[in-house]
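Undergrad: Structure in structure tokens, see below.
The values are calculated or read from the model by the stated rules, or taken from the named source; none is laboratory data. Bear in mind the structure is a predicted one, so any value in this text is a computation, not a measurement. Note that we place each Cβ from the backbone using ideal geometry, even for glycine, and neighbour counts take in every protein chain shown.
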Amino acid sequence: MKRVAERGGFRGQTTVIDFGPQDIQVSRPILEKLAHGLNPPEKARALLDSMLDGETVRRTAQKDFYTIFGLAEYSSLDSEDDRATYKVDLNHPAPQLPEFGIVTNFGTTEHVFNIGEAFKTIHNATRPGGISMHAIPSFAFINHGFYNIHPNAMVEMVRANKYEIVDFSYVDNTFCRNQYLSRAGIEAIDFDALPIQLSDMESTQTFMPKVVEVFYKNLMAPETQAAITEQGTLPGAGEVAPYPNRRYQISYVFDLLFIAMRRPSERLPFVMPMQDMAGVPPLETVSRGGSWLSRIKAGLGIA
């Protein structure tokens, strides 16, 4: 959220809808720094007082959290959550929704069986020129949700619908990375230093082995072992076994993709992409208007 704010992604936007009301899982010190960094002191203090119950973020803190970024008009949807503004089953079209400047999908679409319809609803709920933001599982964490969403699915969605990529990060070993950074007192991931970058997607054939290689290194890393063994063994697992072992929650070693995409100002219907027999072409081979990768890099301000 802070990176998108710094890139001007929220400029001129005031409305936001959560696809699934989000629990704000941020420590108090980080939340305080964020609020004071983006707001005048009095407003920051008022938002924090409303959001926090001691050291705990309240279950209903969503509106105040997004207000930190200037998104003061908050809504949400869900089929079951009692906090939702709209009761919506994303397996089906949701024509009654208004349009919003910012739409968030922070771990929702992988739980919807008709996932293409869910992405169509996100498109339709995002006003032209608005941004949809996605934090979605890309690799591992088996049986969490119905799907892993591969990065090429999002890139092809961008291509088919003429979106602009505002931000893109492939966050490997997300859970364990957060655990050991927190223990070290580091406030945030250095996204620019992550081992897998947008440029790695120039070739699918080299991208795939790199993801698996990084996953294996993460699984065996001492920092990962410390984060996983800290969770203890699974119920009924018996005596402690050497790591790695299926008695531990080694499934917590997984990767997330974060992508923020701006809908074009022209009102276009949603296009569901199709992958042909050759697979997703390398980004560098799309020549119209310069290579696909160079155009994405230009949009992100990357040399």
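Undergrad: Does the range 116-130 contain any residue that is surrounded by fewer than 16 Cβ atoms within 10 Å (Cβ to Cβ) and within 16 Å of ALA153 (Cα to Cα)?
TA: Within the range 116-130, one or more residues are surrounded by fewer than 16 Cβ atoms within 10 Å (Cβ to Cβ) and within 16 Å of ALA153 (Cα to Cα).
Undergrad: Looking only at the range 65-84, decide whether some residue is modelled with pLDDT of 95 or more, out of contact with any helix residue (DSSP H, G or I) (no Cβ under 9 Å at 6 or more places or on another chain) and part of a helix (DSSP H, G or I).
TA: Yes - at least one qualifying residue is present in the range 65-84.
Undergrad: Moving to a separate point now. Being surrounded by 15 or more Cβ atoms within 10 Å (Cβ to Cβ), in contact with a helix residue (DSSP H, G or I) (Cβ under 8 Å, 6 or more places away or on another chain), not β-branched (Val, Ile, Thr) and not in a helix (DSSP H, G or I) is the requirement here; does ASP18 meet it? Working first, answer last.
TA: Numbers: surrounded by 15 or more Cβ atoms within 10 Å (Cβ to Cβ): yes; in contact with a helix residue (DSSP H, G or I) (Cβ under 8 Å, 6 or more places away or on another chain): yes; not β-branched (Val, Ile, Thr): yes; not in a helix (DSSP H, G or I): yes.
So ASP18 fits the description; yes.
Undergrad: Same structure again: Can you work out which of the residues in the range 94-114 that are polar (S, T, N, Q) and more than 21 Å from ALA260 (Cα to Cα) is surrounded by the most Cβ atoms within 10 Å (Cβ to Cβ)? I'd like the intermediate steps shown before the answer.
TA: Here is the first cut: in the range 94-114, the residues polar (S, T, N, Q) are 96, 104-105, 108-109, 114.
Within this subset, residues satisfying the condition of being more than 21 Å from ALA260 (Cα to Cα) are 96, 114.
Numbers: GLN96: 7, ASN114: 16.
For the range 94-114, the residue satisfying everything is ASN114.
Undergrad: When you check ASN91 against the structure, is it touching an Asp or Glu at 6+ places or on another chain (Cβ under 7 Å), in a loop (DSSP other than H, G, I, E, B) and surrounded by fewer than 20 Cβ atoms within 10 Å (Cβ to Cβ), yes or no?
TA: Numbers: touching an Asp or Glu at 6+ places or on another chain (Cβ under 7 Å): yes; in a loop (DSSP other than H, G, I, E, B): yes; surrounded by fewer than 20 Cβ atoms within 10 Å (Cβ to Cβ): yes.
Against the criterion (touching an Asp or Glu at 6+ places or on another chain (Cβ under 7 Å), in a loop (DSSP other than H, G, I, E, B) and surrounded by fewer than 20 Cβ atoms within 10 Å (Cβ to Cβ)), ASN91 qualifies.
Undergrad: Next question, about the same structure. Any residue in the range 123-136 that is part of a helix (DSSP H, G or I), small (Gly, Ala, Ser) and under 17 Å from the mean Cα position of the chain (by Cα)?
TA: Looking only at the range 123-136, we keep the residues that are part of a helix (DSSP H, G or I), and these are 123-125.
Then keep just the ones that are small (Gly, Ala, Ser); that gives 125.
Within this subset, residues satisfying the condition of being under 17 Å from the mean Cα position of the chain (by Cα) are none.
Checking the range 123-136: not a single residue is part of a helix (DSSP H, G or I), small (Gly, Ala, Ser) and under 17 Å from the mean Cα position of the chain (by Cα).
Undergrad: When the residues of the range 190-224 are narrowed to those that are in contact with a Leu (Cβ under 9 Å, 6 or more places away or on another chain) and modelled with pLDDT of 85 or more, which ends up nearest to ASN152 (Cα to Cα)?
TA: In the first step, residues of the range 190-224 are kept if they are in contact with a Leu (Cβ under 9 Å, 6 or more places away or on another chain); the result is 198-199, 201-203.
Then drop every residue that is not modelled with pLDDT of 85 or more, which leaves 198-199, 201.
Working: LEU198: 11, SER199: 13, MET201: 8 Å.
Per the stated criteria, the residue is MET201.
Undergrad: Exactly one condition in (1) modelled with pLDDT under 95; (2) among the aliphatic types (A, V, I, L, M); (3) out of contact with any helix residue (DSSP H, G or I) (no Cβ under 6 Å at 6 or more places or on another chain); (4) not in a helix (DSSP H, G or I) is not met by ILE149; state its number.
TA: (1)
Undergrad: A further question on this structure: Touching a residue at least 12 places away in the same chain (Cβ under 8 Å), surrounded by fewer than 18 Cβ atoms within 10 Å (Cβ to Cβ) and assigned to a loop (DSSP other than H, G, I, E, B) - does that describe any residue in the range 165-185?
TA: no
Undergrad: Only one of (1) in a helix (DSSP H, G or I); (2) more than 24 Å from PHE258 (Cα to Cα); (3) not aliphatic (A, V, I, L, M) fails for GLU117. Which number is that?
TA: GLU117 satisfies every listed condition except (2).
Undergrad: Can you pull out every residue in the range 21-45 that is over 18 Å from the mean Cα position of the chain (by Cα), assigned to a loop (DSSP other than H, G, I, E, B) and closer than 13 Å to ASP64 by Cα?
TA: ASN39
Undergrad: Kindly evaluate ILE189 against the criterion of being under 15 Å from the mean Cα position of the chain (by Cα) and within 21 Å of PHE270 (Cα to Cα). Spell out how you get there, then give the answer.
TA: Working: under 15 Å from the mean Cα position of the chain (by Cα): yes; within 21 Å of PHE270 (Cα to Cα): no.
Considered against the rule, which asks whether it is under 15 Å from the mean Cα position of the chain (by Cα) and within 21 Å of PHE270 (Cα to Cα), ILE189 comes out as no.
Undergrad: Give the range 49-88 a look and list any residue that's within 22 Å of GLU6 (Cα to Cα), among the aliphatic types (A, V, I, L, M) and either touching a strand residue (DSSP E or B) at 6+ places or on another chain (Cβ under 9 Å) or surrounded by fewer than 20 Cβ atoms within 10 Å (Cβ to Cβ) (or both), or say none. Please lay out each step first, then the result.
TA: From the range 49-88, those within 22 Å of GLU6 (Cα to Cα) are 62-74; that's our starting set.
Going one step further and asking which of them are among the aliphatic types (A, V, I, L, M), we end up with 68, 71-72.
If the condition is that a residue be within 22 Å of GLU6 (Cα to Cα), among the aliphatic types (A, V, I, L, M) and either touching a strand residue (DSSP E or B) at 6+ places or on another chain (Cβ under 9 Å) or surrounded by fewer than 20 Cβ atoms within 10 Å (Cβ to Cβ) (or both), then LEU71, ALA72 are the ones that fit.
Undergrad: Could I ask something else about it? Which residue pairs have Cβ atoms under 6 Å apart, sit 6 or more places apart or on different chains, and have a first residue in the range 205-226 that is more than 10 Å from ASN173 (Cα to Cα) and a second that is at pLDDT below 95 and not in a helix (DSSP H, G or I)?
TA: If the second residue must be at pLDDT below 95 and not in a helix (DSSP H, G or I), the pairs left are GLN225/TYR243.
Undergrad: Something else about it: Considering VAL280, VAL240, which residue is modelled with pLDDT under 90, in contact with a strand residue (DSSP E or B) (Cβ under 8 Å, 6 or more places away or on another chain), surrounded by 12 or more Cβ atoms within 10 Å (Cβ to Cβ) and in a loop (DSSP other than H, G, I, E, B)? If you could, list the steps in order and put the result at the bottom.
TA: Values: VAL280 fails: in contact with a strand residue (DSSP E or B) (Cβ under 8 Å, 6 or more places away or on another chain).
After ruling out the rest, the residue left standing is VAL240.
Undergrad: From the list MET274, MET261, which residue is within 30 Å of THR126 (Cβ to Cβ), modelled with pLDDT of 90 or more and of a type in the set (A, V, I, L, M)?
TA: MET261
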